[in-house]
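The values are calculated or read from the model by the stated rules, or taken from the named source; none is laboratory data. Owing to the predicted nature of the structure, the values given are computational and were not obtained by experimental measurement. Don't worry about glycine lacking a Cβ; one is built from the backbone with ideal geometry, like all the others, and counts go over all protein chains shown.
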Amino acid sequence: MLTVRASLGTRLSELEALQSTGESIGEQYKQTLSQLQDLDFNKAISDLTQQKISLEAAQKSFFGCV
């Protein structure tokens, strides 16, 4: 009888852990979706372009010195 209770307790703990993990993943999904929906695409494109220009300038500077 104790073995059955221990086994059930272990399984219940596993189910609770899985439920918690599922809820956590669901919350992360909601946050990511919200970030994508709220994204200012014009600003994101501008920022990416600026970073690309900076990277290219740094590469030219580095390879020009070598």
**Complete:** Only unsatisfied item for Phe62, checking (1) more than 20 Å from the chain's Cα centre (by Cα); (2) not in a helix (DSSP H, G or I), is (2)
**Fill in**
Of the candidates Leu48, Leu36, the one satisfying the condition of being exposed (fewer than 10 other Cβ atoms within 10 Å of the Cβ) and either modelled with pLDDT of 95 or more or under 24 Å from the mean Cα position of the chain (by Cα) (or both) is Leu36
**Prompt:** Which residue out of Leu12, Leu39, Leu48, Leu8 is part of a loop (DSSP other than H, G, I, E, B) and on the phi < 0 side of the Ramachandran plot?
**Reply:** Leu39
